[in-house]
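Just below is one structure, and these are the notes that go with it.
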Amino acid sequence: MRPEVRFYQKELETMPRDQIRELQLTKLKKLIAYVYERVPFYKERLDSVGMTPEKFKSLDDLKEIPYTTKEDIRDHYPFGLFAVPTGDLVRIHASSGTTGKPTVVGYTKGDLDTWSDLVARLAVAAGATEQDIAQICFGYGLFTGALGLHYGLEKIGATVIPASSGNTEKQLMLMQDLGTSLIVATPSYALYMSEVARDLGKTKDDFKIRLGLLGSEGCTPEMREKLEEAWGMFVTDNYGMSELFGPGVAGECVFRCGHHIAEDHYIPEVIDPKTGESLNEGEKGELVFTTLSKEAFPLLRYRTRDLSTLDYSPCACGRTMARMAKVNDRADNMLKIKGVNVFPSQIESVLLTIEQISPNYQIVLTSKNYMDQLEVRVEVIDSTLLERFAELEALQQNVRHKLHTVLGIDAKVTLLSPRSIERTAGKAKRIVDQRGKNTI
Amino acid sequence: MLVKQISVFVENAKGRLAEITGVLADSRVNIYALSIADTTQFGILRIIVEDPDAAQNALKEAGFTVSITDVLSLEIDDRPGGLARALKTLSENEIDVEYAYAYISHTIDKARVVVRVEDIAKASEILKAAGFSA
C-alpha cells in the first residue's frame, strides 16, 4: 500500500543541516537587500527596528524583524507589497476573501518555475511518478490549488487531466475510462465522489486510483482512513497557502510523520500567537514563514494563523528538511462555544469513529437567550437501528456523550437521512455559525 | 401470517413524508398499512406494501435509510373487544408487543392488525392455538 520512497531533487531534499542553514543565510541576506530596496513597506519596517541589509549577519537576526500579517497584505491591496512592477508578472492568483477584498498574489516567470518545482517535490515525495495519470478535481481559477498541482504534476511528467471540480458523474466516467491513478481533491469531495460511485453500482475495483493528494481543507486521521478504504488509495496531505505561492510549502512523504518543509525556499518558525514570542522545537504555536525564493511577492516572517509544531529530527525517508505537524487546527477555525475553545477537527474525530453515521456532518451554532447552542447534524446510515426507536435514541445519546467527553460541552445531536447534508465540490461547509444573527 | 414490513428513517423536515410516498408512487408500490412514530426531531415510518423488495430498492436508491423485517399480521373480529382478546392472549403467554397498528382488511366483520413481537414463531403458534388466524 505504501509507495516507495522517491525524490525529485534528492541533493537539496537530503542536504545536511549546516548546509541548509548556510543556504538559508545566503538567500536571506539577498532577500533583505531585495525587499529593502524594492518594497517601501519593508524598508519602513526594517528601519523601525534599526535593521539594514548591511547589519544583517546571521539567521538569528531574523528574529529582530517585525511580523507581517494578513492585515498588512489587506492594507496594501492589491499590489502594495509586490517587489516587481506589474509588467514583470506572468500570473495572478487570489485567495477567497470571505470578508471584503481577496488577497492578491503575483508570480514572475521565475516564481512559476520555483513553485512548480516545489509542487513536483511534494508529489514525488507522496509517491507520484511520471507514469501516473492525475485527475485534478480542484476548482480551477483564482484558487492556487488546481493550477499549482497541475504545473507540478506536469513537471514530473505525469499525465494531467484538468477535470476541475463538480459534474461528479463525468469525473467518475473520466476516472474509469482514462485509468486515472492519482486524484487531487478536497477530502470532502473525494468522499462525495465515492458515494456517487457507490450509487452508480461501482466499487473501488472499477477504478485504478492508487494515490490521493488531498488538501485545501482539514483531514483528520479518521477521515483519511475512510477515504483510503473507499478508493483503495494511499492518501497524503500537503501544506501551503496562496501568500506562500500555494501548495508546495510542505508535504508528507510516504511515512506520513509530518510535512517536510521546503527549507531551501522557506524559513519556518513557531511563535506564541498571543505574545509573538518564539517557541522551541516541539512546542505548539502559530507557524510563521519567511520566503527565500519568491520574486514578485516576498514575505518576511509571515504569520499564517495555522497552529503546528516543528520537528528537526531525521525522517525514515532520508529527507533532512524539518517536519511540521499536520495542521488540523487553523487558528481561524477555532470556535469559541460557551467560552470553550473547540476545533472542528475534534468534532470530526469523534463522529468518524461512530459506525452508524455517515462521514458527512454539519456543525451549527446558534444563540438562545445569549447562550451559545451547539448542534451537530449527522446522517443515520445504519438501517438495523430502525427496528427499535430506542436504538435511534441510544445513537443520539452515544454521539452526545462522546462529544461531551472530548469537548466538555453539551451538544444537541440531530439525526438526519443520508444525503440531507449538502455536498460541495470544493471545501465542505461544515460549520454554520448563526450566532448573533437571530435574537433570543 | 408473516408479512414483510419496511421501516424508513424520517427526519422531521417539511415534505419528507410526501417525498417517501412519492417514491413509492413512482415505483407503483401500493401501501396496505402505515404507522409513523416520532419525536420532535425524527421518526420511523413503518409500512406494509404490496411489493416489499421493490419498495426497499426504490427507497434505497432515493437515498433513504431503509430496513425490512418480518412482522405478524393478525386477523381479529371487527367488533368491540376483538383486539383486546388477541392482546390478552399474547400477554398471558408473556409475549411483549413492541408496537402494533391497523392494517387494511377486505373481509367484512374482520379487521387486521400488524403486531411486532420478539419471537414471531412462538406468538404465531400461541395465537393459532387460541383460534386466531395468525
Alpha-carbon centroids, segment A:255-270 and segment A:22-50: separation in whole Å: 22
Those trypsin sites (Lys or Arg not before Pro) in segment A:313-347 that DSSP places in a loop and that have at most 15 other beta carbons within 10 Å: A:LYS338
10 Å Cβ shell holding at most 12 others, DSSP loop, trypsin sites (Lys or Arg not before Pro): longest site-free stretch of chain B: B:29-134
On Cα atoms only, tilt of A:144-155 relative to the major axis of chain A in degrees: 70
Mean Cβ neighbour count within 10 Å, used as a protection proxy, ranking A:396-408, A:122-134 highest first: A:122-134, A:396-408
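What does the charge count around A:GLU37 come to, taking other residues whose C-beta lies under 14 Å from its C-beta (Lys +1, Arg +1, Asp -1, Glu -1)?
Working: positive: A:LYS29, A:LYS30, A:ARG38, A:LYS43, A:ARG45; negative: A:GLU44, A:ASP47, A:GLU54, A:GLU295.
So the surrounding residues net to +1.
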Principal axis dimensions, largest first and in whole angstrom, of segment A:334-433 by Cα: 39, 33, 24
Mean Cβ count within 10 Å, highest first, over the residues of peptides B:71-83, A:107-119, A:199-211: A:107-119, B:71-83, A:199-211
Shape metrics for segment A:237-305, restricted to C-alpha atoms - Rg then Dmax, Å: 12.2, 36
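Give me the net charge for the shell around A:ARG303: Cβ to Cβ below 11 angstrom, other residues only, Lys and Arg +1, Asp and Glu -1.
Working: positive: A:LYS70, A:ARG301, A:ARG305; negative: A:GLU71, A:ASP72, A:GLU243, A:GLU269, A:GLU286, A:ASP306.
Overall, the nearby charge balance is -3.
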Cross-link reach list, lysines versus A:LYS57, counting only Cα pairs under 22 Å and skipping chain neighbours closer than eight places: A:LYS27, A:LYS29, A:LYS30, A:LYS43, A:LYS294
Whichever lysines have a C-alpha closer than 27 Å to that of B:LYS110, once near sequence neighbours (fewer than 8 apart) are set aside: B:LYS4, B:LYS88, B:LYS122, B:LYS128
Principal-axis tilt of helix A:168-178 within chain A, Cα atoms, nearest 10 degrees: 70
DSSP beta bridge pairing in chain A, given as percent antiparallel to the nearest 5: 60
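Can you pull out the buried accessible area for chains B and A, both sides counted, probe 1.4 Å, rounded to the nearest 100 Å²?
1700
Work out the mean other chain Cβ neighbour count within 10 Å for the residues of B:32-43 and drop it here as an integer.
On the way: counts 0, 0, 0, 0, 0, 1, 1, 5, 0, 8, 9, 2.
Average per residue, whole number: 2.
May I ask which of A:LYS70/A:LYS284; A:LYS10/A:LYS326; A:LYS226/A:LYS402; A:LYS101/A:LYS170; A:LYS204/A:LYS427 have a Cα-Cα span longer than 31 Å here? Write down the numbers at each step before the final one.
Details: A:LYS70/A:LYS284 21 Å; A:LYS10/A:LYS326 23 Å; A:LYS226/A:LYS402 19 Å; A:LYS101/A:LYS170 34 Å; A:LYS204/A:LYS427 23 Å.
Beyond 31 Å between Cα atoms: A:LYS101/A:LYS170.
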Residue-normalised accessible area of chain A, given per residue in Å² at a 1.4 Å probe: 43
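Shielding of A:381-387 by partners, i.e. mean partner chain Cβ atoms within 10 Å per residue?
Details: counts 2, 3, 11, 4, 5, 13, 6.
So the per-residue partner count for this stretch is 6.
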On Cα atoms only, tilt of B:16-26 relative to the major axis of chain B in degrees: 90
Per principal axis, descending, Cα span of the protein assembly as shown in whole Å: 105, 55, 41
Cross-link partners of A:LYS336 among aspartates and glutamates (Cα-Cα below 16 Å; sequence separation of 8 or more within a chain): A:ASP372, A:GLU375, A:ASP410, A:ASP433
Net +/- balance of residues flanking B:ILE36 in space, Cβ distance below 11 Å, scoring K and R +1, D and E -1: +1
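The values are calculated or read from the model by the stated rules, or taken from the named source; none is laboratory data. Computed from a predicted model, the values in this text were never measured in an experiment. Neighbour counts run over all protein chains shown; Cβ positions are idealised from the backbone, glycine included. Please note that ligands, DNA and RNA were not included when accessible areas were found on the heavy atoms of the full protein model with its side chains. Shrake-Rupley method; radii C 1.70, N 1.55, O 1.52, S 1.80 Å.
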